[in-house]
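Derivation of every value follows stated rules applied to the coordinates shown; laboratory data play no part. Quick caveat: nothing in here was measured; it's all calculated off a predicted structure. Because the Cβ atoms are built from the backbone with ideal geometry, glycine has one as well, and the counts that use them run over all protein chains shown.
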Amino acid sequence: MRIVLHIDFDYFYAQCEEIRNQTLKTKPVCVCIFSDRGGDSGAIATANYIARKYGVKSGMPIKFAKSRLIEVPNAEFLPADFAYYSEISQKGMDIMKSYADVFEYVGRDEAYLDITNRTDGNFTNAVHLAQQLKNQIRTELKMTCTVGVSHNKLLSKIASGFKKPDGLTVVEPEKTVSFLEQLKIGDIPGIGKVTNEKFFEMKIQTIAELKNLDIFTLNKILGKKNASYIYNAVRGIDYEPVSERAPAVQFSRITTLKTDTKDLEFLSESLDEICIDLYQTISDHKKTFKSVGIQFVQSDLSNKTKSRMLKNPTSSIEELKKTAMLLLHEALADQELSVRRLGVRVSELADITGQRSIDNFF
C-alpha cells in the first residue's frame, strides 16, 4: 500500500501575476501568448477563476476572450512571462520535495509525491502532512494549490481536480468505488474529446456507466492499449510508481506565420529559418541532441506534433534541417487544417565532450 499526493497549483500563470500585483486578485485576469501578427492575435494561456466565470478558457483566441469580457471594465490581458513563472515554480517544487520520500516533477504547476514512509502508510497522517504542505506554500509563496491524496497516481490526480481551487480531497482504498462512480468520463486523465464523443453516442456519460462495458467491447471501440487503460482507470487501478524525474530539458523555437497555410514550399522556407535560429542556441550551449520534433498550431488553435529519435547524438545543423524537413513532409501528408504557427524543438540533450559527432563533418 502506497500513499501518493498529486499537487496542482491553481490557475498557475495568472496566480503568479497576482503575487506581484495584488490588485489583480479582484479582477478577471487572462495571461496571453501574443503572436507576431500584432494586435489581439494569439491565445489565452490561462485565466483566473473570475475570468472563467465569463466563459474564458485556456487556448481561446484573445479576441474571443475580450469579447466575453467586453462589459467588464477592469479585465486584464497580460503577456506571458515564462522566466518569472519558472522561478516561482522552482520555489514551489523545492517546498514539495521537502515533504516527499520520492518526488516526481510533472510540469511547472504539478508534481507527484510518494509519502508512504514518512506517514507510516497512514492516511490520517497523510492528510495532516498534505495540509502542512498547503499551508507552507500559502505562507511562503502567497499561492494556493489543490491536493489529491490516494493510494496511486491515477486516483490522486483525479482527486486533485475534484475540488478546485484550494482543495484537499482524500480517496482511501475502501472509498475508491464510491468516489469514482459519481464522476463523469471526462474526469479520467487522458480521455479526450474524440473518445468522450464516442461514448456519448453510446449514451455513456459517467464512470459508473462505463464500468458496464467489458474489455472485449472496449477493445473494439478503442483498440487494445487504450481499452486496457480505461478498463483499469474506471476501477481505480494504477500500478505505476512515483519516479524521480527532473524537468525535461529541451530547446525550441516557434513562430507565427504571415498567413495560415498548408503550402509545403512556404512552410519549408519558414522551417529553414527556424532551424537556423534554433541551432544558434544549441551551438551557444555546446550541446548535442538526439531527438527532433516539429509542432503545428493549427487554424483552430489545436496542436499537432511529430518527433523522431536519431540513431546517434549530433550537433549538426544539416541533421537538424534534414530531420525537421522529413517530419514536415510526414505531417502534411494528412493535414486538413491550415497551419498558423510552426515550431521546432530538440531534446535528449548532452554536453559536447571529446571528439564531436562525425555528423558535424558532413
Starting from the Cα gyration tensor of segment 228-362, take the square roots of the eigenvalues, sort them a ≥ b ≥ c, and report rounded, prolate or oblate (rounded when a/c is under 1.5, otherwise prolate if a/b is larger than b/c, else oblate). oblate
Could you work out the relative contact order of the chain, using alpha carbon pairs under 8 angstrom and six or more residues apart, expressed as a whole percent? 15
Loop only per DSSP, at most 12 neighbouring Cβ atoms within 10 Å: give me the trypsin sites (Lys or Arg not before Pro) in segment 264-306, ordered by residue number. K286
Order the peptides 339-350, 218-229, 178-189 from the highest to the lowest mean number of other Cβ atoms within 10 Å of their residues. 339-350, 178-189, 218-229
Near the amide H of V102, under 5 Å away, which other amide H atoms are found, from residues 5 or more places off or on another chain, if H is placed in the peptide plane? D114
What is the set of long-range amide H partners of I3 at a cut-off below 5 Å, with H atoms built 1.01 Å from backbone N? I115, T116
Cα axis of helix 82-97 to longest principal axis of the chain: angle in degrees, 0 to 90, nearest 10? 40
Spatially proximal aspartates and glutamates relative to K163 (Cα-Cα < 17 Å; intrachain offsets below 8 disregarded): D8, D10, D109, E110, E172, E181, D187
Would you mind giving the average projected area, over all directions, of the Cα convex hull of segment 56-96 in nm² with one decimal? 4.1
Hey, what angle do you get for helix 317-332 against the long axis of the chain, alpha-carbon based, 0 to 90 degrees rounded to 10? 70
Among 115-126, 193-204, 142-153, how do they line up from the highest to the lowest mean number of other beta-carbon atoms within 10 Å? 142-153, 115-126, 193-204
Return the calculated 222 nm mean residue ellipticity for the chain, to the nearest 500 deg cm²/dmol, obtained by summing -39500 (n - 2.57) across DSSP H runs with n ≥ 4 and dividing by the residue count. -11000 deg cm²/dmol
Cα axis of helix 123-141 to longest principal axis of the chain: angle in degrees, 0 to 90, nearest 10? 50
Which of K153/K193; K198/K224; K175/K198; K27/K184; K97/K287 exceed 24 Å between C-alpha atoms? The answer is K175/K198; K27/K184; K97/K287
Residue-span extension gain [D260 to Y49] - 0.36 nm each, minus C-alpha spacing: 72.8 nm
Looking at the square roots a ≥ b ≥ c of the eigenvalues of the Cα gyration tensor of segment 242-318, which shape do they give, rounded for a/c under 1.5, prolate if a/b is larger than b/c, or oblate? oblate
